[in-house]
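Enquirer: I have a structure here, written as structure tokens, and I will follow up with some questions on it.
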Amino acid sequence: MELLKLHHDFIAEHHRKGTPFIIFQGGRRSGKTVSILQFLYLESLTHPATRTLIVTDTYARLKESIFQDLIMINRSAGGDGRRMRIHFTGGARVLFETGSDFAFVYAGRDVRGYASNFQYIFFNECIQYDARTAREALKAAGPGCQVFFDYNPYTRFWVNDLYETPDNKLITTYHDNPFLSDFVRRELDRTAAMGKDAAPGTMERYLYEVECRGIDSTLSGLCLPHHRTIADEVYHTSPLPEILACDWGALHATADPDVICGFRFDTNAIYAHEYYYSRHGGDEEMAAVLRSIPFRHQYLVYDTATEGADRVRSLFARTHLRFHFSPARKGAGSILTGIRNLQPYEIRVTASSRHFLEELENYRFIQKGDTLQPSDDWNHCCDALRYAFNLWTMLPRTAKK
């Protein structure tokens with residue numbers, strides 16, 4: 001079996017140290033997935049009854065990538081159908097003659113149907129799914145479980161923020177893989193040649209950085225990367241004035257949630273608290289939430305995209321609220337402008353604001369045509385933040401005290 005020495009030396013070192021999370025970041029065809037699967041294959045044969053869980057985003061990736069790589073690895077190791085068998089009954093599984101096995105789960109699927117106590121968990125192409133998938137799958141980890149992540153770095157994302165340490169990540173490129181075919185190497189060489197001297201912000205430069213160098217592109221990243229968690233009482237006892245912001249989406253059974261968040265703005269930081277987040281609530285529920293918030297002459301800025309004025313009238317009729325209602329400022333380019341204006345600030349989110357924190361872990365730039373744009377997902381609390389920030393910048397100085 002041909003092994004990539006760089007990869008296997010890295011795995012061996014961290015396996016010996018018992019590192020809980022091992023991260024493989026790299027460009028195309030750098031051998032990340034195959035190297036991890038080779039290690040897990042050998043562990044399954046040399047240590048009987050080893051249990052491994054592999055997480056993929058889709059069944060297609062499992063069938064066309066993982067299974068094909070395992071078949072190749074088994075064949076190159078001189079194995080046959082007795083040493084390793086792939087089963088599809090009762091869910092896809094790989095069984096080894098030593099009593100070891102691989103189980104599989106897809107992103108977003110509940111893992112409670114699987115037994116726990118896995119010695120290894122492998123998140124394949126983990127940039128394709130969200131942090132919640134990882135948290136759910138990690139519930140199946142046994143004592144001393146080692147967890148592998150691999151991905152092409154199209155963006156800095158939740159793995160980097162939650163699981164990366166100063167020494168548990170290996171970055172590789174196609175230059176580190178001596179087993180590539182000449183055709184693939186020439187293709188990547190051409191991509192590198194076109195992008196190496198391209199202007200920052202162009203697609204050529206982006207592909208060069210991500211696919212050839214295996215690094216986070218100058219175009220990529222979380223939309224709002226500077227955030228941390230604070231205790232709820234820090235927010236609620238702050239003397240800073242509060243602006244409430246609504247992003248409404250659930251009216252007329254649309255797929256988006258209704259959101260109410262509160263924000264307090266300081267020179268270098270923004271304090272945030274999620275009051276309400278639901279796809280199945282309604283005006284009566286939101287009115288009750290707004291009534292529970294102590295009134296201190298707050299402004300309330302609201303999204304106009306989903307019958308905004310009608311909802312304001314509905315909420316007012318239910319509560320006779322004294323908030324200063326203001327429609328959100330929107331228009332062409334307002335999303336990118338808002339994100340750019342917010343990025344210098346540290347966003348300090350209360351620990352109970354579960355949905356807001358999850359959005360900040362996942363709201364990122366994605367490729368749309370020939371450009372990168374903010375995704376249409378994970379953005380509802382973040383949209384409310386933009387509305388509140390825009391209003392705050394327009395308020396007279398006396399209202400900010």
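The values are calculated or read from the model by the stated rules, or taken from the named source; none is laboratory data. Please read all numbers here as calculations on a predicted model, not as lab measurements. Neighbour counts run over all protein chains shown; Cβ positions are idealised from the backbone, glycine included. The area values use the complete protein model at the heavy-atom level, side chains included, leaving out ligands, DNA and RNA. Shrake-Rupley method; radii C 1.70, N 1.55, O 1.52, S 1.80 Å.
Enquirer: By how many degrees, 0 to 90 and rounded to 10, does the Cα axis of helix 380-394 deviate from the longest principal axis of the chain?
Expert: Taking the Cα atoms of the chain, the angle to 380-394 is about 40 degrees.
Enquirer: Give me the percent of the accessible area of the stretch 1-157 that comes from carbon and sulfur atoms, probe 1.4 Å, all protein chains in place.
Expert: Values: 3440 of 6760 Å².
Taking all protein chains in place, the stretch 1-157 shows 51 percent carbon and sulfur surface.
Enquirer: Ok, one more. Where only protein heavy atoms count, and the probe is 1.4 Å, what is the accessible area per residue for the chain in Å²?
Expert: Working: 18670 Å² over 401 residues.
On a per-residue basis, 47 Å².
Enquirer: Still on this structure: Only Cα pairs under 8 Å and at least 6 apart count here; give the relative contact order of the chain as a rounded whole percent.
Expert: Working: 740 pairs, mean separation 64.7, N = 401.
This gives 16 percent for the chain.
Enquirer: What does the charge dipole of the chain about its Cα centre add up to, to the nearest 20 debye, if the Cβ of each Lys and Arg holds +1 and the Cβ of each Asp and Glu holds -1?
Expert: Details: 47 positive and 49 negative charges, 75 e Å.
Roughly 360 debye for the chain.
Enquirer: Here is a follow-up. Keeping the other protein chains in place, figure out the carbon and sulfur percent of the accessible area of the stretch 309-391, with a 1.4 Å probe. Could the numbers behind the result be given before it?
Expert: Details: 1900 of 3860 Å².
Roughly 49 percent, rounded to a whole number.
Enquirer: Can you give the angle from 0 to 90° between the axis of helix 308-319 and the longest principal axis of the chain, with both taken from C-alpha atoms, to the nearest 10?
Expert: So the helix axis and the longest Cα principal axis differ by about 70 degrees.
Enquirer: Let me ask something else. Give the peptides 120-131, 142-153 in descending order of average Cβ contacts within 10 Å, highest first.
Expert: On the way: 120-131: 22.0, 142-153: 19.0.
Result, highest mean Cβ count within 10 Å first: 120-131, 142-153.
Enquirer: Just order 356-368, 69-81, 233-245 by mean Cβ neighbour count inside 10 Å, highest at the front, would you? Mind dumping the intermediate values first?
Expert: Numbers: 356-368: 20.0, 69-81: 14.5, 233-245: 17.2.
Descending packing order for the listed peptides: 356-368, 233-245, 69-81.
Enquirer: Okay, moving on. So if I place +1 on the C-beta of Lys and Arg and -1 on the C-beta of Asp and Glu, and nothing else carries charge, what would the dipole magnitude of the stretch 281-365 be about its Cα centre? I want it in debye, nearest 20. Could you put the intermediate results ahead of the total?
Expert: On the way: 12 positive and 10 negative charges, 75 e Å.
Result for the stretch 281-365 is approximately 360 debye, rounded to the nearest 20.
Enquirer: Follow-up. Output the pairs from Lys139/Lys330; Lys17/Lys63; Lys5/Lys368; Lys17/Lys139; Lys5/Lys63 with a Cα-Cα distance over 31 Å in this structure; if there are none, say none.
Expert: On the way: Lys139/Lys330 42 Å; Lys17/Lys63 33 Å; Lys5/Lys368 37 Å; Lys17/Lys139 22 Å; Lys5/Lys63 27 Å.
Among Lys139/Lys330; Lys17/Lys63; Lys5/Lys368; Lys17/Lys139; Lys5/Lys63, the Cα-Cα distance tops 31 Å for Lys139/Lys330; Lys17/Lys63; Lys5/Lys368.
Enquirer: How do 58-65, 291-298, 266-273 rank on mean C-beta neighbours within 10 Å, highest first? Show your work: numbers first, answer last.
Expert: Numbers: 58-65: 14.0, 291-298: 11.2, 266-273: 17.2.
Highest mean packing first, the order is 266-273, 58-65, 291-298.
Enquirer: Would you pull out the residues with amide H under 5 Å of Phe325's amide H, same chain only if 5 or more places away, H placed 1.01 Å from N?
Expert: Answer set, sorted by chain and number: Leu300.
Enquirer: Follow-up. Of Ile293, Leu95, Pro166, which is farthest on the positive side of the dipole of the chain, counting Cα position, with +1 on Lys and Arg Cβ, -1 on Asp and Glu Cβ, and the Cα centre as origin?
Expert: Working it through, the farthest residue towards the positive pole turns out to be Ile293.
Enquirer: Quick one: check the C-alpha center-to-center distance for the stretch 333-349 versus the stretch 10-64, whole angstrom.
Expert: If you average the Cα positions of each part, the centres end up 37 Å apart.
Enquirer: Same structure again: Given Pro48, Cys246, Pro257, which one lies farthest toward the positive end of the charge dipole of the chain, if we put +1 on the Cβ of every Lys and Arg and -1 on the Cβ of every Asp and Glu?
Expert: In the chain, that residue is Cys246.
Enquirer: Same structure again: Work out the charge dipole of the chain with +1 on the Cβ of Lys and Arg and -1 on the Cβ of Asp and Glu about the Cα centre, then indicate which of Ser352, Tyr154, Met72 is farthest towards its positive end.
Expert: Selected residue: Ser352.
Enquirer: While we're on this one: Cα axis of helix 5-17 to longest principal axis of the chain: angle in degrees, 0 to 90, nearest 10?
Expert: That works out to roughly 70 degrees.
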